[in-house]
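Sharing a structure, written as structure tokens. Questions coming.
The values are calculated or read from the model by the stated rules, or taken from the named source; none is laboratory data. Note that the coordinates shown come from a computational prediction; the quantities given were computed from them, not determined experimentally. Methodologically, a virtual Cβ is constructed for each residue, glycine included, from the backbone with ideal geometry; neighbour enumeration extends over all protein chains shown. Just so you know, the surface numbers come from the protein's heavy atoms only, side chains and all, with ligands and any DNA or RNA stripped out. Shrake-Rupley method; radii C 1.70, N 1.55, O 1.52, S 1.80 Å.
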Amino acid sequence: VGLEKEPYVARPAGSGWSEYIEQEIKDAIQQAGEKAAREEGISIFMANNGNVIRRGVGKVPWERMVAELEDAVSTDKDEKKKEALSSNESA
């Protein structure tokens, strides 16, 4: 069974997730309506650095999400390299 059929890809770990998800559901209801948010569900895509890449209601466009996640992680790595080079040049 592919990940597209699973209700989630990863379980949240740590504290504060219940409150975070509740707020995301409230926001989704305001933006898309209660029926859509409750029936279609919400998706939250986070990079391994904790940044939220995208959130939305409904079916997940997996290929686009993977591309956006790869781009976000790549951009983050590039920024860290620039910061390290800048720090080394000033030292």
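Within the stretch 56-70, is even one residue among the charged types (D, E, K, R) and modelled with pLDDT of 85 or more?
no
If I filter the stretch 16-46 down to residues being at pLDDT below 90 and of a type in the set (Val, Ile, Thr), which single residue comes out as farthest from Val57 (Cα to Cα)?
Top of the filtered list is Ile21.
Still on this structure, please answer the following. Of the numbered conditions (1) touching a helix residue (DSSP H, G or I) at 6+ places or on another chain (Cβ under 8 Å); (2) open to solvent by less than 60 Å² (accessible area, probe 1.4 Å), Asn49 fails exactly one; give the number of that condition.
Among (1) touching a helix residue (DSSP H, G or I) at 6+ places or on another chain (Cβ under 8 Å); (2) open to solvent by less than 60 Å² (accessible area, probe 1.4 Å), Asn49 violates only (2).
Sticking with this structure for a sec: Kindly provide the set of residues from the stretch 9-61 that are farther than 23 Å from Lys77 by Cβ, outside any helix (DSSP H, G or I) and under 14 Å from the mean Cα position of the chain (by Cα), ordered by number.
Matches in the stretch 9-61: Arg11, Pro12, Ile42, Ser43, Gly56, Val57, Val60, Pro61.
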